[in-house]
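S.K.: Here it is, the structure in full.
The values are calculated or read from the model by the stated rules, or taken from the named source; none is laboratory data. Source: prediction; values computed, not measured. In this analysis, Cβ positions are derived from the backbone assuming ideal geometry, glycine residues included, and neighbour counts consider all displayed protein chains. The accessibility values were calculated without ligands, DNA or RNA, using every heavy atom of the protein model including side chains. Shrake-Rupley method; radii C 1.70, N 1.55, O 1.52, S 1.80 Å.
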Amino acid sequence: MSTIVKCFARAIKRFEDKEIFIKLDDDALVDIDYVIGLIKKYQGYHKPIYISDHERTKTRKFPDALNNVMYGNGKFYMFNRKLAQCLKTDIQYRGSRNEDSVFGAMVTHGCGEANVEYVQEDDRWIWHKEYTSKNKHIDLEFIKNH
């Protein structure tokens, strides 16, 4: 089991009483009212929910579990316990992959795309790396560590 998968599995198990999980990059900001609105809207939702900026993997470099899966852009994603409970955490893949595509594969192979509600995030409320507006400039990537 990869370190990425172990990290998600441990976090989800540790917070057994939580219904909603959020993954946010360290160089991103999200409007708290937007997050609260999503929690209120999807709390108690009847099926697995996966909120992000979804795209499908297009690489054919390695024919493995990460090919052709829907995954969320890593700056922000949010999901519920129903999604966490159906994740397939023992997926096998080759080569170096980012945690977002690995998580997407865990969703696809565990929950099945047809069983998941994929919700597009609203990027008006999420800032990644750099934000310039209203006479303000914030460089969230100031420390170049990735």
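S.K.: If you take the beta carbon distance between Lys88 and Ile32 as r and set R0 to 25 Å, what does 1/(1 + (r/R0)^6) give as a FRET efficiency, to the nearest 0.05?
M.R.: 0.20
S.K.: Now, a different point. With all protein chains present and a 1.4 Å probe, how do Phe76, Phe15 order by accessible area, largest first? Intermediate values should be presented prior to the final figure.
M.R.: Numbers: Phe76 0, Phe15 85 Å².
Descending order: Phe15, Phe76.
S.K.: Quick one: compute the contact order of the stretch 1-122, relative version, from alpha carbon pairs under 8 angstrom and 6+ residues apart, as a percent.
M.R.: Across the stretch 1-122, relative contact order equals 32 percent.
S.K.: How do Arg94, Arg14 stack up against each other in accessible area, from largest to smallest, with a 1.4 angstrom probe?
M.R.: The residues order as Arg14, Arg94, largest area first.
S.K.: Still on this structure, I have one more. Distance in nm between label sites at Asn73 and Ala11, each 7 Å beyond Cα in the beta-carbon direction?
M.R.: The two pseudo-label positions are separated by 1.9 nm.
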